There are 2 protein chains.
Amino acid sequence: MPKVVDHEQRRRELARAVWQVIRERGVEAASVRAVAARAGWSHGSVQYYFSTQAELLNFAMRVITDEAEQRVDRMRLPADPIQAALAVLERLLPLDPDARTANELWVAFLSRVLVDPAARELNTEGNERLARLLWDQLWQLDNAGLLPAGFDLELEADRLHALFDGIALQAVTDPARMTPALARKVIGYHLDTLLRRGGT
Amino acid sequence: MPKVVDHEQRRRELARAVWQVIRERGVEAASVRAVAARAGWSHGSVQYYFSTQAELLNFAMRVITDEAEQRVDRMRLPADPIQAALAVLERLLPLDPDARTANELWVAFLSRVLVDPAARELNTEGNERLARLLWDQLWQLDNAGLLPAGFDLELEADRLHALFDGIALQAVTDPARMTPALARKVIGYHLDTLLRRGGT
């Protein structure tokens with residue numbers, strides 16, 4: 001049998017090296033050459049996969065986003081819909097090393113969204129996926145009869161998405177302000193206000 | 001009398017040029033040399049003020065943040081405290097060209113916060129100033145008797161700050177999702193939920 005090279009595995013290794021270079025030296029330093037050196041690959045073999053820095057960064061962002069979604073998909077959720085929603089939100093916020101990596105790369109990536117159309121498209125896709133996931137958490141609460149009649153699911157999903165992004169951003173860029181404990185408190189309190197209004 | 005050079009004015013011009021280079025070519029392109037060229041200055045005269053790219057970017061961030069605060073300070077606020085709070089929040093969100101500039105620079109700057117201690121410090125300072133401003137809006141509503149007894153001002157200020165950052169971030173990086181109309185709607189709705197709970 002011919003030797004099978006696991007291209008996906010190799011690309012994931014590279015994505016990891018991209019993140020390490022960004023974390024150590026900033027997004028501007030994540031050149032094809034620097035990432036090759038960090039991953040212990042030759043410049044030529046990285047170029048086999050990626051010819052530009054932009055491609056490399058966009059790919060790394062996509063890998064890290066996919067992995068975050070897979071972590072959520074693999075979760076065993078509590079039966080209680082409130083606890084389940086909280087667990088999903090907390091799994092995606094930068095509260096453990098894996099999620100912190102994903103969120104740090106996201107922040108490094110955001111500056112590129114302003115200038116690179118491919119990065120912008122990827123960011124929009126990522127937002128759509130997160131928006132659906134958050135909408136779904138609210139829908140499940142609604143379906144369980146926990147939200148008040150006339151609850152504006154669309155608007156509340158937009159509000160939850162913005163709040164989520166703000167917490168994630170602050171947790172990565174200002175961890176002394178947005179500690180893991182405060183992140184959990186704010187998101188838990190927010191869900192609580194949605195439910196409490198259902199009880200009035 | 002000796003000729004007086006308005007250093008502050010010249011530094012503000014440079015800050016503007018930094019932003020223009022970032023906007024056109026990304027944060028990694030904002031070198032001392034590129035900014036000098038964009039501002040129409042010699043490389044040496046820019047170096048008179050700033051010796052490194054990091055100093056230049058941090059300075060630009062500080063100028064833009066100061067200007068945003070001055071715009072808020074100069075506002076004539078409506079007498080109604082709810083309308084006044086909304087007006088302040090909407091003034092700082094990227095809903096007009098000046099505030100959009102400030103917020104775009106903020107997003108470009110965030111990637112540097114991960115790797116540059118001076119940028120991190122500046123970001124923390126900026127967060128503290130915004131936190132005080134947002135806290136003050138809630139305090140004014142409370143002072144006017146518009147918030148319910150037992151309202152948790154600290155936690156609500158943290159929630160408002162995260163929501164505000166998330167809206168600003170999405171408005172800059174995904175304007176098709178977070179349109180100015182939606183930004184106004186979400187922030188208005190959020191204030192409304194705080195007040196409505198006071199009425200139950």
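The values are calculated or read from the model by the stated rules, or taken from the named source; none is laboratory data. Please read all numbers here as calculations on a predicted model, not as lab measurements. Note that each Cβ is placed from the backbone with ideal geometry, even for glycine, and that neighbours are counted across all protein chains shown.
Does region A:90-99 contain at least one residue that is surrounded by fewer than 18 Cβ atoms within 10 Å (Cβ to Cβ) and of a type in the set (A, V, I, L, M)? Within region A:90-99, not a single residue is surrounded by fewer than 18 Cβ atoms within 10 Å (Cβ to Cβ) and of a type in the set (A, V, I, L, M).
As an exercise: evaluate B:A84 against (1) surrounded by 14 or more Cβ atoms within 10 Å (Cβ to Cβ); (2) in contact (Cβ under 8 Å) with a residue 12 or more places away in the chain; (3) touching an Asp or Glu at 6+ places or on another chain (Cβ under 7 Å) and give the number of the one condition it does not meet. The number of the failed condition is (3).
Restricting B:V21, B:V46 to residues that are closer than 23 Å to B:V172 by Cα, assigned to a helix (DSSP H, G or I) and at pLDDT 85 or above narrows the list to B:V21. Can you tell me which residue is surrounded by the fewest Cβ atoms within 10 Å (Cβ to Cβ) among those in region A:117-161 that are of a type in the set (G, A, S) and at pLDDT 95 or above? Step by step, filter region A:117-161, then rank; the result is A:A131. Candidates B:Q140, B:Q170: the one that is in a helix (DSSP H, G or I), over 30 Å from A:A30 (Cβ atoms) and either among the polar types (S, T, N, Q) or touching a His at 6+ places or on another chain (Cβ under 9 Å) (or both) is B:Q140. If you go through region B:24-43 and keep only what is among the small types (G, A, S) and assigned to a helix (DSSP H, G or I), you end up with B:A29, B:A34, B:A36, B:A37, B:A39. For B:R100, the test of being within 10 Å of chain A (Cβ to nearest Cβ), part of a helix (DSSP H, G or I), of a type outside the set (G, A, S) and within 26 Å of A:G126 (Cα to Cα) is failed. For A:E24, indicate whether it is surrounded by fewer than 19 Cβ atoms within 10 Å (Cβ to Cβ) and either within 14 Å of chain B (Cβ to nearest Cβ) or touching a Lys or Arg at 6+ places or on another chain (Cβ under 6 Å) (or both). For A:E24, the condition - surrounded by fewer than 19 Cβ atoms within 10 Å (Cβ to Cβ) and either within 14 Å of chain B (Cβ to nearest Cβ) or touching a Lys or Arg at 6+ places or on another chain (Cβ under 6 Å) (or both) - is met. With respect to the conditions (1) modelled with pLDDT under 90; (2) surrounded by 22 or more Cβ atoms within 10 Å (Cβ to Cβ), B:Q53 lacks only one, and its number is (2).
Filtering region A:107-122 to residues that are in contact (Cβ under 8 Å) with a residue 60 or more places away in the chain, at the interface with another protein chain (Cβ under 10 Å from one of its Cβ atoms) and part of a helix (DSSP H, G or I) leaves A:V107, A:A108, A:F109, A:S111, A:R112, A:A119. Set side by side, the residues A:L89, A:L77 differ, and just one is within 21 Å of the chain's Cα centre (by Cα), modelled with pLDDT of 90 or more and not in a helix (DSSP H, G or I), which is A:L77.
Listed by first and then second residue, the pairs linking a residue in region A:142-163 that is in contact (Cβ under 8 Å) with a residue 60 or more places away in the chain to a residue that is not in a loop (DSSP other than H, G, I, E, B), with Cβ atoms under 7 Å apart and 6 or more places separating them unless they lie on different chains, are A:A144/A:P81; A:L146/A:P81; A:L146/A:I82; A:L146/A:L195; A:L146/A:G198. Of B:L89, B:L95, which residue is within 14 Å of chain A (Cβ to nearest Cβ) and in contact (Cβ under 8 Å) with a residue 40 or more places away in the chain? Unique residue meeting the criteria: B:L89. Check region A:35-45 and report whether any residue there is within 14 Å of chain B (Cβ to nearest Cβ), among the charged types (D, E, K, R) and under 26 Å from B:S111 (Cα atoms). Within region A:35-45 (the criterion being within 14 Å of chain B (Cβ to nearest Cβ), among the charged types (D, E, K, R) and under 26 Å from B:S111 (Cα atoms)), the answer is no, since none of the residues qualifies.
Summed over region B:130-178, the residues that are within 12 Å of chain A (Cβ to nearest Cβ), in contact with a helix residue (DSSP H, G or I) (Cβ under 8 Å, 6 or more places away or on another chain) and either among the aliphatic types (A, V, I, L, M) or closer than 28 Å to B:P97 by Cβ (or both) give a count of 23. Among the residues making up region B:179-200, those that are among the basic types (K, R) and either within 11 Å of chain A (Cβ to nearest Cβ) or crowded, with 19+ Cβ neighbours inside 10 Å (or both) are B:K185, B:R196, B:R197. Looking at this structure, is B:Q9 modelled with pLDDT under 85, surrounded by fewer than 20 Cβ atoms within 10 Å (Cβ to Cβ) and of a type in the set (S, T, N, Q)? It is true that B:Q9 is modelled with pLDDT under 85, surrounded by fewer than 20 Cβ atoms within 10 Å (Cβ to Cβ) and of a type in the set (S, T, N, Q).
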